[in-house]
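Report on the following structure.
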Amino acid sequence: MLSCTASPSMRVDRSVRRQEMTAELFAAIKSGDMATVERVLERDRGLVDARDEDGLSPVLAALYHGRNEIATAVLRRGPKLTVFEAAAAGDLARVRELVGANPAQANGVAPDGYSPLGLAAFFKRREVVRYLLGAGADPRPASRNGGFTPLHSAVATDAGATDIEIVRMLLDKGGDPNARSQSGSTPLHTAAFTGDRASLELLIAHRADPAIRNKAGQTASDIATERGHEEVARILASRR
């Protein structure tokens with residue numbers, strides 16, 4: 001009589017196949033291949049909550065790679081978002097639910113080293129930033145990956161233009177304008193790099209020090225000059 005129980009070899013085959021599909025999914029996310037993402041998730045809907053070798057979910061991987069349409073497509077399939085993924089995606093309701101159930105999550109650390117506040121600031125999720133700060137999120141700790149504070153992340157433009165209100169909220173709640181990343185750069189260095197005059201002037205108004213040099217020996221003014229942001233360089237030079 002045949003057994004209905006899967007043999008060990010069958011279970012191994014399924015495990016290997018799932019690993020292959022997971023790798024295919026994350027490769028497609030990275031390259032922006034929407035069709036492959038949809039096909040893989042249709043074949044195995046559970047992969048919507050998969051993790052890559054760095055612990056990233058499909059949603060967070062898509063956001064990090066700037067694949068916003070793919071992130072939206074994944075979100076439509078109802079993944080079980082962690083507080084980090086919800087903060088990055090701007091899902092305020094989910095952030096409220098998770099932090100409300102466990103307030104310590106407001107200051108948690110994701111597998112890639114970032115806090116919910118840092119992720120919300122990086123992806124310019126203003127209302128999530130506002131809620132997290134009100135829920136006790138600390139704007140001062142740096143990420144374990146790169147040593148970036150939420151203020152560094154707010155001024156960075158990798159994931160979109162700076163939201164000056166996010167910068168203001170972080171400063172008002174005690175964010176350090178002179179905090180240094182692992183490369184020795186302050187948020188002022190980042191604003192100088194992007195040529196963001198509004199953020200730069202707000203940082204200076206909160207006592208950001210233009211004389212600080214990063215580990216490469218550069219001041220914010222040096223970086224602004226190197227990047228061709230002449231007006232920003234002049235403002236910085238006049239404050240030293």
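All of the numbers you see were taken from the coordinates with simple rules; none came from a lab. Being a predicted model, the structure only gives us computed values, none of them experimental. Because the Cβ atoms are built from the backbone with ideal geometry, glycine has one as well, and the counts that use them run over all protein chains shown.
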**Asked** What is the distance in Å between the Cα centres of the range 176-240 and the range 12-38?
**Response** 42 Å
**Request:** Using Cα positions and a limit of under 20 Å, work out the aspartates and glutamates in reach of K215, with same-chain residues fewer than 8 apart set aside.
**Result:** D176, E226
**Asked** Taking the Cβ of A62 as the center, what net charge do the other residues with Cβ under 11 Å away carry, scoring Lys and Arg +1 and Asp and Glu -1?
**Response** 0
**Complete:** Net charge (Lys, Arg +1; Asp, Glu -1) of residues whose beta-carbon lies under 12 Å from that of Q19, Q19 excluded, is -2
**Prompt:** Tally Lys/Arg at +1 and Asp/Glu at -1 over every other residue whose Cβ is under 13 Å from the Cβ of S199; what's the total?
**Reply:** -1
**Request:** Compute the relative contact order of the chain as a whole-number percentage, counting only Cα pairs closer than 8 Å that sit 6 or more residues apart in sequence.
**Result:** 10 percent
**Highest average packing first - 164-171, 112-119, Cβ atoms within 10 Å** = 112-119, 164-171
